[in-house]
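One structure below.
The values are calculated or read from the model by the stated rules, or taken from the named source; none is laboratory data. Note that the coordinates shown come from a computational prediction; the quantities given were computed from them, not determined experimentally. Cβ atoms come from the backbone with ideal geometry, glycine included; neighbour counts cover every protein chain shown.
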């Protein structure tokens, strides 16, 4: 639903959700354009529907972007523009939580920007970023890219960097993260939590001795004396 306020970022597993992913002309939500949008709808942990479309950005796609996602100007020249696709996407996601990898810093910003431009309002769906969850649940991993998580769980990475393939990959990874999240929640019951963001407080050493620091650092800088 479109509203004036953004939804909350959740750090938990939910059985009903929509995974979505964007391919764009670049990495800047201020100036770059969406060239593909895809989503898969999930009920009870199972995919029940999907949505996908190429998007005509009304500008040339940079060579570097095409090298990553294999989407060219010829592929999108007959596709609908984003103001035509966005209402269909909003209808598809309903009021379900949105799931995606790095959507907190990337995909959500494109959606917020263009919904605000075209409609004057933004989706108020809560959302779950699998990048944030994997960093908290799997700190032993050197990297937390979606392809790294897929390989960690034995999931095929075929078709990576095309939106619909990335949605299906992320959905499978999120279902695997369910157990990791549940284990983290059980551990949190016996751990001190940050009163600001809810992350675990970890015992650290500073120049004045031990103190508790938020594991959400640097996004959260809460500290507490021992």
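Annotations for the structure displayed:
- Some residue of the range 44-59 being assigned to a loop (DSSP other than H, G, I, E, B), touching a residue at least 60 places away in the same chain (Cβ under 8 Å), assigned by TED's automatic domain parsing to the domain that holds residue 119 and surrounded by fewer than 13 Cβ atoms within 10 Å (Cβ to Cβ): no
- Scanning the range 106-114 for any residue that is surrounded by 17 or more Cβ atoms within 10 Å (Cβ to Cβ) and either farther than 18 Å from residue 128 by Cα or outside the structural domain of residue 146 (by TED's automatic domain parsing) (or both) turns up at least one such residue.
- Leading residue by the ranking (farthest from residue 23 (Cα to Cα)) among those in the range 174-198 that are touching a helix residue (DSSP H, G or I) at 6+ places or on another chain (Cβ under 7 Å) and touching a residue at least 60 places away in the same chain (Cβ under 8 Å): 181
- Among residues that are in contact with a strand residue (DSSP E or B) (Cβ under 7 Å, 6 or more places away or on another chain) and farther than 28 Å from residue 72 by Cβ, residue 223 is included.
- Considering the range 63-84, and only residues there that are surrounded by 13 or more Cβ atoms within 10 Å (Cβ to Cβ), assigned to a loop (DSSP other than H, G, I, E, B) and touching a residue at least 12 places away in the same chain (Cβ under 8 Å), the residue that is nearest to the chain's Cα centre (by Cα) turns out to be 71.
Table: residues versus (1) surrounded by 15 or more Cβ atoms within 10 Å (Cβ to Cβ); (2) within 20 Å of the chain's Cα centre (by Cα); (3) in the same structural domain as residue 134 (by TED's automatic domain parsing); (4) part of a helix (DSSP H, G or I).
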residue	(1), (2), (3), (4)
154	no, no, yes, no
158	no, yes, yes, no
170	yes, yes, yes, yes
174	yes, yes, yes, yes
183	no, no, yes, yes
195	no, no, no, no
198	no, yes, no, no
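- Inspection of the range 3-25 finds a residue satisfying the criterion of being in a loop (DSSP other than H, G, I, E, B), more than 17 Å from the chain's Cα centre (by Cα) and surrounded by 13 or more Cβ atoms within 10 Å (Cβ to Cβ).
- In the range 211-220, the count of residues that are crowded, with 16+ Cβ neighbours inside 10 Å, assigned to a helix (DSSP H, G or I) and in contact with a helix residue (DSSP H, G or I) (Cβ under 8 Å, 6 or more places away or on another chain) is zero.
- Scan of the range 115-130 for residues that are surrounded by fewer than 18 Cβ atoms within 10 Å (Cβ to Cβ) and in a helix (DSSP H, G or I), ordered by number: 116, 117, 118, 119
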